[in-house]
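Student: One structure, pasted below without further comment.
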Amino acid sequence: MTIYDISEPIEPQTAVFPGDTPFSVEWVARLERGDSCNVSTMRMSVHCGSHSDAPLHYVPGGQDIASVALDRYLGRCRVLEVTGRGSPKLVDPADLAGRLEGVERLLLRTSRTHDHRRFDPDFTALGPDAARVLAASGLRLVGIDSPSMDHAASKDLPAHHVLAAAGIALLENLDLSAVPVDPERGTDYELIALPLRIVGGDSAPVRAVLRPLRRADSATR
């Protein structure tokens with residue numbers, strides 16, 4: 001079965017938000033030094049690479065990532081191509097009109113190329129207006145191929161708050177560049193993107209994958 005890995009590689013070159021902790025690794029034990037096995041210690045921001053924000057990330061006293069409902073991260077989803085407009089670049093709510101019927105999980109591809117080693121402060125964000133459209137549609141999860149649902153300089157994170165109020169799970173830093181997508185209608189897949197169970201965590205890395213729907217499932221689209 002075809003599996004599309006839509007997770008960013010995590011390595012020292014993986015870009016993070018300015019000020020976040022990049023990935024690094026320390027070897028505690030090495031076979032080449034005569035140890036019985038290889039053992040490593042990682043250090044990185046929980047927002048490094050593809051990840052899911054918990055409400056705790058932006059809501060005082062919000063739910064931590066270990067407590068989120070996992071069923072939102074599993075199941076049928078739609079991948080849509082959208083275009084960022086304005087300055088800062090935000091998803092135009094008009095691009096979502098007529099494209100969300102029956103959709104519970106939505107992944108937004110804002111670019112057909114993706115470089116996990118480069119942080120572009122001019123990335124396309126969801127923004128609060130498009131977030132309100134998604135909240136009103138009854139979505140359970142939204143993901144995006146850029147670093148945040150809000151633009152890089154945002155301090156109040158309005159799109160995050162709109163989605164949190166609607167109980168919508170978030171995925172950020174996805175790599176959707178290799179996923180076949182109908183540019184007009186979007187394409188439906190099965191999503192599997194479970195966050196790590198980090199107690200007290202404001203976010204967690206995910207290994208996100210898409211699988212093509214079985215023929216019978218596609219026929220019910």
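The values are calculated or read from the model by the stated rules, or taken from the named source; none is laboratory data. Predicted model, so just to flag it, every value in this text is computed and none were measured. Here the Cβ is made from the backbone with ideal geometry for all residues, glycine too, and neighbour counts use every protein chain on show.
Student: In the range 15-74, how many are assigned to a loop (DSSP other than H, G, I, E, B) and among the aromatic types (Phe, Trp, Tyr)?
Tutor: 3
Student: Filter the range 5-39 down to the residues that are touching a residue at least 24 places away in the same chain (Cβ under 8 Å) and of a type in the set (Asp, Glu), then identify the one that is farthest from Ser203 (Cα to Cα). If you could, list the steps in order and put the result at the bottom.
Tutor: Residues of the range 5-39 touching a residue at least 24 places away in the same chain (Cβ under 8 Å): 5-10, 13-18, 20-23.
Now restrict to residues that are of a type in the set (Asp, Glu): 5, 8, 20.
Values: Asp5: 20, Glu8: 16, Asp20: 13 Å.
Here the residue is Asp5.
Student: Give me the residue from the range 61-116 that is touching an Asp or Glu at 6+ places or on another chain (Cβ under 6 Å) and crowded, with 18+ Cβ neighbours inside 10 Å and, out of that set, nearest to Ile10 (Cα to Cα).
Tutor: Across the range 61-116, the extreme among qualifying residues is His116.
Student: Any chance you could count how many residues in the range 168-178 are within 21 Å of Arg72 (Cα to Cα) and either part of a loop (DSSP other than H, G, I, E, B) or at pLDDT below 95 (or both)?
Tutor: Residues in the range 168-178 being within 21 Å of Arg72 (Cα to Cα) and either part of a loop (DSSP other than H, G, I, E, B) or at pLDDT below 95 (or both): 5 in total.
Student: Can you name the residue in the range 17-38 that is of a type outside the set (D, E, K, R) and surrounded by 12 or more Cβ atoms within 10 Å (Cβ to Cβ) and is also farthest from Ser50 (Cα to Cα) among such residues? Walk me through how you get there before you give the answer.
Tutor: Within the range 17-38, the subset of a type outside the set (D, E, K, R) is 17-19, 21-25, 27-29, 31, 34, 36-38.
Next, from what is left, pick out any that are surrounded by 12 or more Cβ atoms within 10 Å (Cβ to Cβ): 17, 21-23, 25, 27, 29, 38.
On the way: Phe17: 13, Thr21: 15, Pro22: 13, Phe23: 13, Val25: 18, Trp27: 24, Ala29: 28, Asn38: 26 Å.
Only one residue fits best here, namely Ala29.
Student: So which residues in the range 176-199 are more than 23 Å from Leu100 (Cβ to Cβ) and under 10 Å from the mean Cα position of the chain (by Cα), if there are any at all?
Tutor: Within the range 176-199, the subset more than 23 Å from Leu100 (Cβ to Cβ) is 178, 194-199.
The answer is none; no residue qualifies.
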